[in-house]
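Shown next, in structure tokens, is the structure this report addresses.
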Amino acid sequence: MDRSVHSPFIERFVAQTRKTQILGNPIDPRVSLGPVVSRKAAQSIRKQVTDAVSAGAKVNRAGFAGGSNS
């Protein structure tokens, strides 16, 4: 991606996912992403994110164990 469009793209992408991707209880029909299936899967995802951040990635939107999200 060209540097001139990277930041505007990320800003718009994150804004759109905040509107359309609702995290929470999968019984709620508005929810598009429910909980991870197991503790092992959650640990694997957390490690992948940690590794990506260590390699220079930036987290623009995150959910957290225990049900809170931003």
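The values are calculated or read from the model by the stated rules, or taken from the named source; none is laboratory data. Remember, predicted model here, so these are calculated numbers, not experimental data. Here the Cβ positions follow ideal geometry from the backbone for every residue, glycine too, while neighbour counts run over all protein chains shown. The area values use the complete protein model at the heavy-atom level, side chains included, leaving out ligands, DNA and RNA. Shrake-Rupley method; radii C 1.70, N 1.55, O 1.52, S 1.80 Å.
Tabulated values for the structure
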| read-out | value |
| --- | --- |
| Probe 1.4 Å, protein heavy atoms only - accessible area per residue of the stretch 1-61 in square angstrom | 89 Å² |
| Calculated Kirkwood radius over Cα pairs in Å (choose from (1) 13.9; (2) 11.6; (3) 13.5), label | (1) |
| Simple Cβ-charge dipole of the chain, Lys/Arg +1 and Asp/Glu -1, about Cα centre, in debye nearest 20 | 100 debye |
| Local net charge near VAL36, Cβ-Cβ under 13 Å (Lys/Arg +1, Asp/Glu -1) | +4 |
| Area of ASP28 that stays accessible when all protein chains are in place (1.4 Å probe, Å², to 10) | 40 Å² |
| In Å², nearest 10: area of ILE22 left accessible to a 1.4 Å probe | 70 Å² |
| Relative contact order of the chain, pairs being alpha-carbon contacts under 8 Å that are 6 or more residues apart, as % | 20 percent |
| Accessible area in the full protein assembly, largest first, 1.4 Å probe, for ARG61, ARG39, ARG18, ARG3 | ARG3, ARG39, ARG18, ARG61 |
| Those chymotrypsin sites (Phe, Trp or Tyr not before Pro) in the stretch 1-66 that DSSP places in a loop and that have at most 11 other beta carbons within 10 Å | PHE64 |
| Cross-link reach list, lysines versus LYS58, counting only Cα pairs under 23 Å and skipping chain neighbours closer than eight places | LYS19, LYS47 |
